[in-house]
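*Asks:* I'd like to ask some things about the structure below.
Only the coordinates and a few stated rules stand behind these numbers; no lab work does. Note that this is a predicted model, so its numbers are computed, not measured. Reconstructed Cβ throughout: ideal geometry from the backbone, glycine too, with neighbour counts over all protein chains shown.
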Amino acid sequence: MKTFYSLLLVLCATITLNAQQPKPILHRRVVRCHNCMPRIARPTPTPAPPSDFFVGEARVNVTKDETVVRLAMAQHGSVLIELPASDGPRYIIPGDPEMATVDQKALERNKRAIIVRPGSQFLPPARNARTHSPAATVTAQMRSGLVVTFLFYPVEDLAQNVHRCVLSYNRDEVVARRRAAGLPVNLDTESRGEMAEQSAAPISIAVDGPVEDKKENGQAKASATPLLIVETKPVSSSELAAKSVESVSRTKSAKEIKASAPTEVVAATQQALDQAKKKPKQFKHWTKPSHGLSLAMLKPQISKDYTVAVVAVRNNSTSALKLTPDGPDLFLEMVDGQDKTLNIQSVKRLYLELSDPGVELSPGTATYYAVAFIPPALGAHQRIRVSIAQTSAVDEPASIVLSKTER
């Protein structure tokens, strides 16, 4: 019996000692693959926007009369287009209203900005689409006459939406370029009826009527909205005939204005032209041809109150060219150190005399202009330029510098 109790005591002691000892920790062997690339969680990259249109914010420096601005617009976004303080929209021609609309109420409050919103059908392209195409268009003609067309590209990401587009240009330069090309300028001074007949779009928004309409309507105009829809009508043959008669009357009135010039100015201009026609070899330094036209000039005759300049125009092409009837035009240019034009202003003519009233040049022939004007005071970076264009390239006239400040 004593032996049994002794064995039981030894067994209990052994169990107690085993329970107090800590359990061994098993270490797993880490097997590394030296040829395997580590897996790194990379975020899905946002597709880069195409470079053929603006995203985010756009700043456009307008340097020509017909400018196309390409902007990105999202379905739930809008685009604010800011214009220079010296100019504003005269006519806005929207496209399909289901694609894009112009906020007329906002335009009524602020006539120096245009807000464009997407329409219900302005949807972004498929994600796997390789190319982007414009889905909406809005054309605006400013009071200066500048025409800007906005093309809107649908995008899916709202962050790519052009929230603000700023147009920068000099109104005087725009007016000078359009006047040199024979295009209408300062549209806010013209009658609404004439502009409606000239518009090529079936429906347009006239932003605030001209001064004449305000005088006629009086207080009723103040209570009405300044945004009007103008519908154009086809011009009949009788209207075209009336317009031709009107153009003839304008030509006669221009001759009457010339006849009202001082007798001294008229005599000096005619004398300078006669001398140039008798000695055509005096014109030696010709400009490079521009659309077939080359110019040369004689030294201006400077009097006390006016200056007379004689310019020769030669047709270097192989076909007959017709010159614009309202030329030549005089401009006062401001340039920088690299002779880059910074500003353009028109110089008024006192009297104009031309050798050939038909202003049509046969190949190899030349015609002569004698123009009298009051020379403005020139700065260190200013010069006077004369330009003459032909009817097939009125936007790119030939020009020559008459006088400039010697540095």
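*Asks:* Which order do V62, V175 fall in if you start with the one that has the fewest other Cβ atoms within 10 Å?
*Replies:* Ascending number of Cβ neighbours within 10 Å: V62, V175.
*Asks:* Okay, next question. Which trypsin sites (Lys or Arg not before Pro) in the range 50-93 pass both tests, a DSSP loop state and at most 15 other beta-carbon atoms within 10 Å?
*Replies:* Of the trypsin sites (Lys or Arg not before Pro), the ones in loops of the range 50-93 whose Cβ has at most 15 other Cβ atoms within 10 Å are K64.
*Asks:* Additional query: Using a Förster radius of 22 Å, what is the FRET efficiency between Q75 and Q104 based on their Cβ-Cβ separation? Nearest 0.05, please.
*Replies:* Approximately 0.60, to the nearest 0.05.
*Asks:* Expected output is a single nm value to one decimal: the length gained when fully extending between A267 and I374, i.e. 0.36 nm times separation in residues minus the C-alpha distance. What is it?
*Replies:* Full-extension gain reported as 36.9 nm.
*Asks:* With θ taken as phi - 60° and the coefficients 6.51, -1.76 and 1.60, list the Karplus ³J(HN,Hα) couplings across the range 286-299 in order, rounded to whole Hz; mark glycine and proline as x.
*Replies:* Karplus-based 3J(HN,Hα) across the range 286-299 equals 9, 7, 5, x, 10, 6, x, 10, 10, 10, 8, 9, 9, 5 Hz.
*Asks:* Next up: Would you tally the net charge around A267, using a Cβ to Cβ cut-off of less than 11 Å, leaving A267 out, and scoring K and R as +1, D and E as -1?
*Replies:* Within the 11 Å Cβ shell, the charges total -3.
*Asks:* Ok, one more. So between E156 and E360, what do we pick up on full extension, going 0.36 nm a residue minus the alpha carbon distance?
*Replies:* 67.8 nm
*Asks:* Still on this model: Quick check on the exposure proxy: order M73, M334 from fewest to most C-beta atoms within 10 angstrom.
*Replies:* M334, M73
*Asks:* In addition: Taking +1 at the Cβ of each Lys and Arg and -1 at the Cβ of each Asp and Glu, which of T391, V308, P325 sits farthest along the dipole of the range 263-404 towards its positive end, judged by Cα position relative to the Cα centre?
*Replies:* V308
*Asks:* Taking the beta-carbon count within 10 Å as an exposure proxy, list T269, T139, T3 from fewest neighbours to most.
*Replies:* T3, T139, T269
*Asks:* Additional query: For labels at K64 and N186 in the simple 7 Å Cα→Cβ model, what's the distance in nm?
*Replies:* Those two pseudo-labels are separated by 2.7 nm.
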